[in-house]
Each structure stands twice: as C-alpha cells, then as structure tokens.
Amino acid sequence: MSGTTTHCPYCSLQCGMVLTPGRGGRTLEVTPWEGHPVSEGGLCRKGWTAAGLRGHRERLTTPLLRDRASGELRAVSWDEALDRVADGVRAVQAAHGPDGVAVFGGGGLTNEKAYQLGRFARVALGTSQVDYNGRWCMSSAASASNTAFGIDRGLPFPLADVERADVLVLVGSNLAETMPPAARHLDRCRANGGTVVVVDPRRTATAERADVHLQPVPGTDLALALGVLHEIDARGAVDTAYVAARTTGWEQARAAASGWWPERVERVTGVAADEVRALADLLAGCSAGRGSAVVLTARGAEQHAQGTATVLAWIDVALALGLPGRPHSGYGCLTGQGNGQGGREHGQKADQLPGYRMIDDPAARAHVAAVWGVAPRSLPGPGRSAYELLEALGTDGGPRALLVHGSNVVVSAPHATHVAERLESLDLLVVCDLVMSETAALADVVLPVTQWAEEAGTMTNLEGRVLLRQRAVAPPDGVRSDLEVMAGLAQRLDAPGEWSTDPAVVFAELGRASAGGRADYAGLSHERIAASDGGLFWPCPDAGHPGTPRLFGERFAHPDGRARFVVVEHRGPAEPVDAAYPVHLTTGRVLAQYQSGAQTRRVRDLPDTGPFVELHPMLADRLGAHDGEPVVVTTRRGELKAPARVTSTIRPDTVFVPFHWVGANRLTNDALDPASRMPEFKVCAAAVRA
Ligand code: SF4
C-alpha cells in the first residue's frame, strides 16, 4: 500500500484511511484503507474531506498573545508565549494556590496527549482541577458500566458482533448519520434475519433503516426500559440460571420494575402499550441463550440528568435476559468523540489516574506516583467535573487561570453564554488549537498545535481497539504538538521528571502507568499496533498477550465476578415543560458536521448550513411557522433565531436543534447527573414562536 496508513480525525469509529501527500506536501489525498477491519474501506463525507483543514487559510501557525493595552492578539515567538504562560501560572498560583490553575482536555486528543495532560496537571501544575469534554459525551454510560460490570469499555465486543444478533436495540443513537460506515452492521443484521429496533424521539436516518421505531418523549427512555423489564418478567422470560450464577440484586430491580405495566409506560413515554409489549416479546425470545440480542445506547439516552440511571435500566434488561458475555449479545455504548474511549482511561478526568484508576485509591496513587517519580502524597486529590470546573472559573475559591487543549467549550458547553462569561472573568486563558475557535478567540494566549496527519499517536475506538495514527506530513512551520507545549511549560515550571515529546515514548510510559489497572495497556506499543491486523484490544497486560476483543465471557470485573442489577427510578427531565415553556427541546448532530464544528465548519466541501429548528407540521401550524422561515426558540437560559425545518419525522411536542454552531448550547440545561456529572443536553423546556 503506498501512502501512510492512519485513522480519521473525527468520530469514535476511527475509520482507516491512507494519506498521500501531493504537490510538495502542500496537499494531501485521502483514500479509504481497504480491508481495515473497522471501516472495511468505508469513509463518510467527513473522512473523505478531512484533508480540507491542511493548509486552510485560517490555520494558526504562530503563537498569539493578547496585548494588554490594545486588547488585540499579536503574533509572538514560542519562547515569548510559553514564558507568558509560565509567568501567568506562577502568578496565579502564588496568589491562589495550586488549584488556582485548571486544565481542560478533550476526547479527541490522542491517548498520549490525554495521558500527558493528566500528568502535567498533577505533577507540573500540582492542581486537582483537570477534566475534559468527554464528561459531556459518554460519562453516563461509563459510570453505569463501571457500576454494573466493574469496568467501562464502551463496547465489550467488536461492533461487527451485532450483525449476528437476532434483535438489536439502539437507544438514542443515530449512527447512520453520526458514523455512516457503521450502519452496514444494521443492514447485515437485518439481512441475517435479525430485527433492528430504534428508540428515538425523531425518525432519524437510522430509524428509517430499522424494522421498528419507537418514538418516546425526550427524557423517558428510563421508563421505557422499566416497562420492558416488567414485561419480560411477566412472561417468565428472565434467565434465572444466569441471574443466579452471574449477577446480584435481581429481586430489588424486579420490584422496582413491577409498577411499570405497559399502559403506565405509554402514559409517561408516549410509546403505545402494544409497542412496549412487542419489544418485550422480541427480547424474551432471546433470553437464556435461545437467541442473541444486543442493546446499545448513545447520547440520546445518556445526556440526561438521569443518564446513568437510564443506562443502568437498559443494562438491567440485558442482564435479566442473560445477554452480557454470550455470543453476539450484550450491552454496549456507542462512544462519540474520536478518542472518547481512550480519552477517559488515562487520567485527564477529575477523579481518575491512568489505567482507569480512581485518584482517591491509595494503591492507585502509589502505583502511578512511582511511574511518575514523585511521592504519592504530592498528587492532588479529586477535582471538579467539567461543567462544575467551568462554572467555578473566576469565582471565589475557583480557578483563575485555565489551559484548554482540544476543546471548544464556548460552543459545546451547556448554558454556553454563562460559560463564556466565566472564561472572560479569568486572569489567564490559554487555548491550544488548530484554528481560531470561538474559545480561542477569548484567550490571552493562543498556541497553534499540530493536527492528526502531522503527528503520530494512538486512539482507542468505540470497541476498545487501540489504533495507531501515523504521521503522514510535516506540520507547518511555527506549529508544535501539544506534547511539545507541555514539555516547554514543564521545563519552565521546573517540573520533576522527563517530559518526552516523542509519542512512542509517552505511550510506553502510559503503558507502565496503566499496568494492573482496569484499562491495561502494558503490553501495547506503537510497533505492535503497527504490525497488528487493524489494532489491538485492551486489556493487553504483556507483550505476548493477544489483546481482549470480548469481555465478560466468564466473569465480570467486580471482585466477586458478578454483574450488578441496580434499582433505578424514573424522575423525568430536570426541567419539565410547563405553560411558559411548553415544548421539549432536544439537540444532536448532522451528517456533515462534527462536535463544535471548529474543524468541519471550515472544510469547504462540507455543507455549513448553520443551525436550524426542526419542528412538526402540527406545531408549525399552531405557531404560524413556515419551512425555511425564521423561528425563535427560547429557554430559561437563552434564545436562538434560526430557520424552521418543518418535518413530520419529529414528535409534535418536541423541537430539535443541531449543536455544531453557536446557539444550541445557549439554550441547553446545565442540570447534572449526580453520578457522572453529565449535563442534560438532550432535553429541556422551550418556547417557540414564529
Ligand atoms: Fe469514519 Fe467517523 Fe471519520 Fe466518518 S467521521 S470517516 S464515520 S471515523
């Protein structure tokens, strides 16, 4: 194969691609990596056009410093920029202590950067205030999987396993638009005789490809799961042998579901009682190994103030049927961001250290401190979660300086106007990015960093498969990698230890830090992954280990080897609709854009439509709204004016706004899940007017 093999810069599928430089390295040709086991030669239009950011006229190629007199950003040398950051950090910490400085990472960072960022925060800055935007992605599924199974690997089996499922239930996932090459697994599942069920308030492209579409009121997936569990039990379809041998807590979960008969479910969710019964019938046929079934959740189910409980409710369904650990069966989460899985394993989370270890566990602290060559007592304790960290910026007792790597919180945070105000209150805001994102535009120091084709590094895709991105081209002059930024600052701050800028060296250290942890990478290296057939699955504890594509075959990761049923209660959205705000607002993605759009909005060949408001014809009639004409959506936090898209694919009581542009998250609710600290992006109360 000519060209350099690597992976897409965007979503968690991490499709394989081949990059071939042309015209003296100024252009880059993207072709699919034929035969890669994840993407099988497929790319979506985002992947095909990924080279559009190379040489983009808005690419940042020199550090920028905000001039105190004029307030304008001016180009400076790297030394001047890093000196300014180090001086600012020292000044803030002298006045406010180590936690006066905070770090905000991203789920798109390579494993090496995510790992180094957590170490940089704890060792070089000595701050507990570090978290990342993955907290807003899959954290509810992560906390539910850790609770139920004792480990969180988004998919505990390769994605292709779903093709052999007799029943595949997708709750809150629109993968046909968010990761189109993955939709072939749905089609193959159906072609093999399986039944695909999609649960979504919108009739999405994914729902169009399914056999069954259930369209609940936003924020009621949990009640639907309780109803399905109730009906499975009522049919005597619980896999009692599996439940007795491999789980704990069934009787309590059963009692909690006992009040959820189908008519009550219909009243709460809007899903007809007969549809609830039909789904229970389908799943009951797969119980106890009589068939195979997979339940997958994504952001639609997870981004709620009850996100963890919602995922746990669906895991309860899977456990009652005896699915996890059986062939072509189980529960999994479809992670969203490119390194949404790896990004949460290596210590850039407020409460965790590398290897998915908890930061308040003395044994974990001792292990990681030894790898880092510092005393365990020198490591700070848990910090604030992502939104709470942003909310605390500039307040009494909150951080006064923030370093941002790979995140555009002005667009992606809930209650985004409030977040922008907090950023503006800081003494020092430093942003590392490729382009002048909305967040970088507020910074005191902007540091231009490398992008995917210009650097090596590993990514862990939604299956827990660790993949290698290889460097295909040199970065533009003036651009440095995030590893170089951290090394430069660590040296200026007299941080102990070595701060390598070589991703392979950092990955080897990450492996040592993760050894024996829940996400064990000790047996992986860049060389091994490059020589593998499309990546290696963690856990991989030693260099002779083949990796672990499937988990839970024999035991779960809790010390007793058993999975946990968890009792959950439906409470509904944190902000119910009322007379003043009578419709549900939900948010999500469109095919041609990715996350905050900082990258994809700048790719010329991707349509940049701007935000729009999807609403049902009945609602449009009531409001006097017309397709293509502006409507105004108002919530208790803000207002958005955007063109209407009138469509009968959405519930009449719900409106949808995509979140890739400034606006949607000025509306969303910052109510947090108590366990995962996930904000309730997926539902709040809104008013709409024409
Ligand atoms: Fe594949 Fe996702 Fe990239 Fe599209 S955005 S090419 S689905 S990795």
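The values are calculated or read from the model by the stated rules, or taken from the named source; none is laboratory data. Everything numeric in this text was worked out from a predicted model, so none of it was measured. So basically every Cβ, Gly included, is an ideal-geometry build from the backbone, and we count neighbours across all protein chains shown.
Of the residues making up the stretch 459-480, those that are within 15 Å of residue 21 (Cβ to Cβ) and either part of a strand (DSSP E or B) or of a type outside the set (A, V, I, L, M, F, W, C) (or both) are 470, 471, 475, 476. Looking only at the stretch 374-383, decide whether some residue is at pLDDT below 95 and under 30 Å from residue 682 (Cβ atoms). Scanning the stretch 374-383, I find no residue that is at pLDDT below 95 and under 30 Å from residue 682 (Cβ atoms), so the answer is no.
Count of the stretch 618-654 residues, restricted to those that are assigned to a strand (DSSP E or B) and among the acidic types (Asp, Glu), is 1.
Does residue 159 count as within 16 Å of the ligand (Cβ to nearest atom) and either at pLDDT 95 or above or surrounded by 24 or more Cβ atoms within 10 Å (Cβ to Cβ) (or both)? Judged against the criteria, residue 159 is a match. Considering the stretch 11-45, the residues that are on the phi > 0 side of the Ramachandran plot and surrounded by 15 or more Cβ atoms within 10 Å (Cβ to Cβ) include one that is nearest to the ligand (Cβ to nearest atom), namely 14.
If you filter the stretch 535-556 down to residues that are assigned to a loop (DSSP other than H, G, I, E, B) and among the aliphatic types (A, V, I, L, M), you find that the one that is farthest from the chain's Cα centre (by Cα) is 543. Residues in the stretch 498-511 include none that are surrounded by fewer than 18 Cβ atoms within 10 Å (Cβ to Cβ), under 23 Å from residue 158 (Cα atoms) and not charged (D, E, K, R). I'd like the full set of residues that are charged (D, E, K, R) and within 12 Å of the ligand (Cβ to nearest atom), limited to the stretch 46-57. Answer for the stretch 46-57, where residues must be charged (D, E, K, R) and within 12 Å of the ligand (Cβ to nearest atom): just 46.
Scanning the stretch 588-620 for residues being under 24 Å from the mean Cα position of the chain (by Cα) and free of Cβ contacts under 8 Å to residues at least 40 places away in the same chain gives a total of 3.
Take the residues of the stretch 180-203 that are among the β-branched types (Val, Ile, Thr) and within 26 Å of residue 673 (Cα to Cα): which is farthest from the ligand (Cβ to nearest atom)? Looking at the filtered set, the residue picked out is 199. The criterion of at least 2 residues that are touching a residue at least 60 places away in the same chain (Cβ under 8 Å), more than 29 Å from the chain's Cα centre (by Cα) and within 19 Å of residue 569 (Cβ to Cβ) is met by the following helices (runs of 4 or more DSSP H) wholly inside the stretch 214-299: 221-234, 250-257. When residue 594 is tested against (1) within 30 Å of residue 314 (Cα to Cα); (2) touching a His at 6+ places or on another chain (Cβ under 6 Å), exactly one condition is not met: (2).
For residue 223, the stated conditions do not hold, so it cannot be described as farther than 28 Å from residue 138 by Cβ and either modelled with pLDDT of 95 or more or among the hydrophobic types (A, V, I, L, M, F, W, C) (or both).
Looking at the stretch 606-652, which of its residues are more than 20 Å from residue 216 (Cβ to Cβ) and in contact with a Phe, Trp or Tyr (Cβ under 8 Å, 6 or more places away or on another chain)? Correct list: 610, 611, 613, 634, 635, 636, 642, 643, 644, 645.
Residue 76 passes every criterion in (1) within 31 Å of the chain's Cα centre (by Cα); (2) within 22 Å of residue 483 (Cβ to Cβ) apart from (1).
Yes or no, residue by residue, for (1) in contact with a Ser or Thr (Cβ under 8 Å, 6 or more places away or on another chain); (2) within 18 Å of residue 602 (Cβ to Cβ):
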position: 439; (1), (2): yes, yes
position: 448; (1), (2): yes, yes
position: 460; (1), (2): no, no
position: 465; (1), (2): no, no
position: 482; (1), (2): yes, no
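Within the stretch 507-566, being touching a Leu at 6+ places or on another chain (Cβ under 6 Å) and at positive phi holds for 535, 547. Taken residue by residue, the stretch 524-536 has no member that is hydroxyl-bearing (Ser, Thr, Tyr), touching a His at 6+ places or on another chain (Cβ under 9 Å) and in contact (Cβ under 8 Å) with a residue 12 or more places away in the chain. May I ask you to verify whether residue 177 is touching a residue at least 12 places away in the same chain (Cβ under 8 Å), more than 16 Å from the ligand (Cβ to nearest atom), charged (D, E, K, R) and part of a helix (DSSP H, G or I)? Against the criterion (touching a residue at least 12 places away in the same chain (Cβ under 8 Å), more than 16 Å from the ligand (Cβ to nearest atom), charged (D, E, K, R) and part of a helix (DSSP H, G or I)), residue 177 does not qualify.
Contact annotation: residue pairs with Cβ atoms under 6 Å, 6 or more positions apart or on different chains, pairing a residue in the stretch 58-73 that is more than 12 Å from residue 435 (Cα to Cα) with a partner that is modelled with pLDDT of 95 or more and part of a loop (DSSP other than H, G, I, E, B), are 65/76; 66/444.
Of the residues 101, 85, 76, the single one that is away from the ligand (no atom under 16 Å from the Cβ), of a type in the set (A, V, I, L, M), under 18 Å from residue 449 (Cβ atoms) and surrounded by 23 or more Cβ atoms within 10 Å (Cβ to Cβ) is 85. Residue 104 passes every criterion in (1) farther than 30 Å from residue 514 by Cα; (2) in contact with an Asp or Glu (Cβ under 7 Å, 6 or more places away or on another chain) apart from (1).
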